[in-house]
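Here's the structure we're looking at; comments come further down.
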Amino acid sequence: MMRSILKVLVIGFVGLSAGCTVMDGDNGNDGGNDGGNNGGEAKAFSATLSGAAERPDPVETNATGTGTFTLNDAETQLTYNVTATGLSGDVTGAHFHLSDNGAEGSGGVVFGITENVADDGNGGVTVEGTWDVSADDVANIRAGDIYVNLHTELNPAGEIRGNLVEN
């Protein structure tokens with residue numbers, strides 16, 4: 001009788017385990033929340049803008065700025081919010097540029113944001129909007145090769161600049 005009970009238990013256990021998934025230490029429950037963002041890569045970026053970061057010639061200025069940037073789940077849009085204070089005058093141009101992080105020059109404007117500048121008239125600005133990005137743009141952002149630049153009349157090549165970095 002004992003042999004029959006053991007046989008039933010073994011057969012039942014084998015039958016049950018055939019339909020089970022074995023889990024490792026990670027219970028496999030990530031909530032399905034990576035949003036298709038390439039394995040959980042950063043989607044939030046920031047920038048610190050300064051005259052010292054301007055290239056090829058750093059600018060002596062009291063102006064400073066910060067930027068926050070968020071890449072959507074589909075990686076097709078980058079929402080941006082850039083603020084600056086202490087600028088020498090009204091912003092005459094605002095752009096995202098392509099360049100190697102810290103490089104001496106610019107690979108050129110990749111997206112203009114001048115039309116989104118809200119100038120307070122006292123050296124302060126806010127620039128908000130959304131950039132429809134390509135896969136190449138996303139790769140450059142992730143590599144740290146995109147910077148935001150604010151230009152003024154006194155500093156037409158740019159008064160402050162800062163590269164986007166992953167948070």
Within the bounds of segment 54-62, is there any residue that is modelled with pLDDT of 95 or more and more than 14 Å from residue 162 (Cβ to Cβ)?
yes
Report whether or not residue 84 is modelled with pLDDT of 95 or more and not hydroxyl-bearing (Ser, Thr, Tyr).
yes
Among the residues of segment 51-94, which ones are acidic (Asp, Glu), in contact (Cβ under 8 Å) with a residue 24 or more places away in the chain and over 16 Å from residue 126 (Cβ atoms)?
54, 57, 73, 75
So, in segment 116-167, how many residues would count as being assigned to a strand (DSSP E or B), over 12 Å from residue 82 (Cα atoms) and in contact with a helix residue (DSSP H, G or I) (Cβ under 9 Å, 6 or more places away or on another chain)?
4
Filtering segment 110-125 down to residues that are over 16 Å from residue 160 (Cβ atoms) and hydrophobic (A, V, I, L, M, F, W, C), which residue is surrounded by the most Cβ atoms within 10 Å (Cβ to Cβ)?
110
Of 115, 159, which residue is over 16 Å from the mean Cα position of the chain (by Cα), at pLDDT 95 or above and closer than 16 Å to residue 56 by Cβ?
159
Conditions (1) out of contact with any strand residue (DSSP E or B) (no Cβ under 6 Å at 6 or more places or on another chain); (2) loosely packed, with under 15 Cβ neighbours inside 10 Å; (3) free of Cβ contacts under 8 Å to residues at least 60 places away in the same chain; (4) farther than 19 Å from residue 55 by Cβ; number of the one not met by residue 135:
(3)
Sole residue being out of contact with any Cys (no Cβ under 7 Å at 6 or more places or on another chain) and exposed (fewer than 15 other Cβ atoms within 10 Å of the Cβ), chosen from 94, 84, 52:
52
Filtering segment 32-53 down to residues that are under 13 Å from the mean Cα position of the chain (by Cα) and hydrophobic (A, V, I, L, M, F, W, C), which residue is modelled with the lowest pLDDT?
42
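The values are calculated or read from the model by the stated rules, or taken from the named source; none is laboratory data. It should be emphasised that the depicted structure is a prediction, and the values quoted were computed from it without experimental measurement. Ideal geometry is used to build each Cβ from the backbone, glycine not excepted, and the neighbour counts take in all protein chains shown.
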